[in-house]
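Heads up: the structure comes next, in structure tokens.
The values are calculated or read from the model by the stated rules, or taken from the named source; none is laboratory data. Everything numeric in this text was worked out from a predicted model, so none of it was measured. Methodologically, a virtual Cβ is constructed for each residue, glycine included, from the backbone with ideal geometry; neighbour enumeration extends over all protein chains shown.
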Amino acid sequence: MAALLASAKARAAQFEGKRAGDEDAMDEDDEDDFSGFEDDAEDGVSAGSVRKDSSRKAFDKVYKQVVDSADVVLYVLDARDPEGTRSKEVEQMVMAADRGSKRMIFVLNKIDLVPAPVLRSWLVYLRRSFPTLPLRASKPAPNAKVFDHKELTIKSTSETLFKALKTFAESRQLKRSVKVGIIGYPNVGKSSVINAMTTRMGGRTGACPVGAEAGVTTSLREVKLDNKLKLLDSPGIVFPNKPEGNRNSKVEEQARLILLNAIPPKDIHDPIPAVALLIKRLSATPELFTKLTDLYELPALHHIKGDTTTDFLVQVARKRGRLGKGGVPNLYAAAQTVITDWRDGRIQGWTDAPAYKPATISSSKTAPATKSGLVGDQKDIVKVWAAEFKLEGLWGEEAPGADGAVDAMEI
């Protein structure tokens, strides 16, 4: 533990220096990279729009407040695209805070929207970085295409998370309550996580009510579970999350955020690029693309200058009655329909976990983070933290695989 503490202190100094350099070098384009959004109705806060002030400052203010207040940080990720809803900068911020005394758990939410093999591979991948728990926080939308993972129910997953937090709280033996901060992109289900735990543990239903007033994006909502645990529900914000060397255009970034459900429907000015991106992603897996066309009962699509998006939207408009004057297909309305079906889970789609690439481990415990975001002692940190929460069996027990990584549990 002494070595872990020394490593955390070194990362803290390194991270603070990096942040200072980043802030000095920030320009107008960088502000767009960190655009923040309030949660939409599903995630417990009224729909909001892109903040016009300094988004990076808003990010720093909100998440510094969360990290400073919390003993444990639950980082909620969307099971359909965990990497898309993940930020290495946020992880470094938590690891560096308070001399490495904070703890963080990944909560993989909306697991019923991905098949078992995909969920299994993501658990393996994410558990190389931080302890990770699968979670079903709420019932799916009507007509959503979901997968049954047997014992991974709303009740069992929320109870397991609660027990893990209780174990940690009891081990700390603090005179005060242990505070658990919940962070994540808009619409990943942060407030649903709180509601699932409060309902299952005998609390009042709707501790974080849907449709709360907007304008609370710089403050925290505190929910008391019991005398030893308090949850801090933070407003959703789009974290800094850009691959190195990649500066997407504003249109491409907007499309990505729409597919992450990070933009409220009323603030989507042009859904067509997002549909084009969705088609591109699903086309990489013929089975998923076939399910898409079958959902709308479409015939074979025609390529127009190498793109099927236009013909796809024309066909959807005709099938769903999205027509303008003279029966002309309304592509904008058709695209809105597709985005709604995607958001509600009627369209199946997910990303596969990256292939495991062993990181080069330095002999120095204070070695800087690798490009993957891991450090040489990350495996030890995962092991120690998992023990503190007593994550066992299905929920995080470590078993050495062929490459020495954590194996996925049977689902």
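Please work out which residue is modelled with the lowest pLDDT, limiting yourself to segment 339-355 and to residues that are surrounded by fewer than 16 Cβ atoms within 10 Å (Cβ to Cβ) and part of a loop (DSSP other than H, G, I, E, B). In this case the residue turns out to be ALA355. Selection of first residues in segment 61-78 that are more than 17 Å from LEU161 (Cβ to Cβ) and of second residues that are among the basic types (Lys, Arg) and not in a helix (DSSP H, G or I), restricted to Cβ pairs under 9 Å at least 6 apart or on distinct chains, gives the following pairs, ordered by first then second residue: VAL67/LYS102; SER69/LYS179.
Of note, LYS305 does not satisfy the criterion of being more than 21 Å from PRO142 (Cα to Cα), among the charged types (D, E, K, R), out of contact with any Phe, Trp or Tyr (no Cβ under 9 Å at 6 or more places or on another chain) and at pLDDT 90 or above. On the basis of being out of contact with any helix residue (DSSP H, G or I) (no Cβ under 7 Å at 6 or more places or on another chain) and in a helix (DSSP H, G or I), does VAL124 make the cut? When the stated conditions are applied, VAL124 passes them.
Would you confirm whether or not segment 86-94 contains a residue that is assigned by TED's automatic domain parsing to the domain that holds SER234 and without any contact (Cβ under 8 Å) to a residue 24 or more places away in the chain? No, the conditions are met nowhere in segment 86-94.
Of all residues in segment 118-149, those satisfying the criterion of being closer than 22 Å to THR340 by Cβ and more than 16 Å from the chain's Cα centre (by Cα) are LYS139, PRO140, ALA141, PRO142, ASN143, ALA144, LYS145, VAL146, PHE147.
Exactly one residue out of SER138, SER158 is closer than 20 Å to ARG221 by Cα and part of a helix (DSSP H, G or I), and it is SER158.
Every residue in segment 276-303 that is farther than 19 Å from LEU331 by Cβ, of a type in the set (Asp, Glu) and over 26 Å from the mean Cα position of the chain (by Cα), please. Of everything in segment 276-303, just one residue is farther than 19 Å from LEU331 by Cβ, of a type in the set (Asp, Glu) and over 26 Å from the mean Cα position of the chain (by Cα), namely ASP294.
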